[in-house]
Amino acid sequence: MTRLVTAQIKDIPTTMKDYDQQLQQITGCSLFELANYAVEASYQQQDLAAKKAAVIPVTAGEGLIEGFSEAVMAILEFIGFEALITDQPDLGGLDQAYQLGADIALMADDDTFLAWNLANRKWANNDRATAKGYVAALNKTSGGLTAKSVLVLGLGSVGVESVKALNEQGVSSIGVCDLNVEKMERIKKEFGPSIELIKDLTYGLQKYDLIIEATPAAEIIRADDVDQKTVIAAPGIPLGLSARAVTKIEQGLIHDPLQLGVAVMGLEVL
Ligand code: PYL
């Protein structure tokens, strides 16, 4: 997992409305609708208003990211939760969340970002939730994924979870591309004949129009690799497209640093 930096998230609290409008233009769905779709639920925003979500800053490892808790809180509030950030970090924060009657606690260290429903014990992991959110967004943007072909770039945990989610959606062929050939072979062993190993990225980008870009690499997708049919759902940080590729596919790109993953986590634990 690539660690976010403040510059990537500091504007989230003030730009949620614009973000949501842009998401609607691309996918036809708001953030809340996409999160519902991703978790196969039909919550109403008023269902969330009665739920208190506490974001607990975590100082372990590399420590706090300035603006991280604020961004997570803003996303949760935007989709309808009552949200707060605990004054105390770490276990003191968990204690405070419990004392304040929080229903849901969210906390992230360098490797894992979790949401935990303190009442019903439901649990969500950001990697899984992000994969589900981006597969839902790709689905809506491309008019459905059943019997389609999708290329997954990067087999870190979001990439692997994306393969699982695509498989559940009935995608007929899933291309996988990673620098580590053993990772690709493990996925092929687990998911069988629907998996195509793509060892040449340029070939893969020519063959597939629907792409999940889940790599930590910048500028691996160039303008020549995309056309008007290309749809890219890109949870990868930083974005793997060159500036010219972004301009060329216009309405065919879904990318954000946190919003989709956090919204899905929130609904997943209800
Ligand atoms: C959860 C994000 C999504 C992408 N990268 C992940 C990341 O940056 N993880 C690290 C989060 C650390 C948060 C820090 C804090 O401020 O509480 N411990």
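The values are calculated or read from the model by the stated rules, or taken from the named source; none is laboratory data. Note that this is a predicted model, so its numbers are computed, not measured. For accessibility, only protein heavy atoms count, side chains too; no ligands or nucleic acids. Shrake-Rupley method; radii C 1.70, N 1.55, O 1.52, S 1.80 Å.
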Quiz item: So what is the relative contact order for region 1-89, in percent, with contacts set as C-alpha pairs under 8 Å and at least six apart?
Solution: 37 percent
Quiz prompt | Under Karplus coefficients 6.51, -1.76 and 1.60, residue-wise ³J(HN,Hα) of region 98-104 in Hz, glycine/proline x | solution = 5, 4, 7, x, 5, 7, 10
Quiz item: Could you give the distance between the Cα centres of region 220-239 and region 8-58, to the whole Å?
Solution: 23 Å
Practice problem: Considering only protein heavy atoms, with the full assembly of protein chains and a 1.4 angstrom probe, order Tyr37, Tyr43 by accessible area, largest first. | Solution: Tyr37, Tyr43
Quiz prompt | Amide H contacts of Lys51 (H built 1.01 Å from N, under 5 Å, at least 5 apart or other chain) | solution = Glu82
Practice problem: Show the residues, 5+ positions off or on another chain, whose built amide H is closer than 5 Å to the amide H of Leu151. | Solution: Gly175, Leu210, Ile211, Ile212
Quiz item: Tell me, what HN-Hα J-couplings in whole Hz come from the Karplus equation 6.51 cos²θ - 1.76 cosθ + 1.60 at θ = phi - 60° for each residue of region 47-52, using x for Gly and Pro?
Solution: 4, 7, 4, 7, 10, 9
Self-check item: the chain: relative contact order as a whole-number percent, Cα under 8 Å and 6+ apart
Solution: 20 percent
Quiz item: If you bin every alpha carbon distance in the chain into 10 Å steps from zero, what whole percent lands in each bin?
Solution: 7, 31, 35, 21, 6, 0
Self-check item: Amide H within-cut-off set for Ile85, under 5 Å, with H built and near neighbours excluded
Solution: Val55
Exercise. State the Kirkwood hydrodynamic radius of region 134-270 in Å, one decimal place, computed from all pairs of distinct Cα atoms.
Key: 14.8 Å
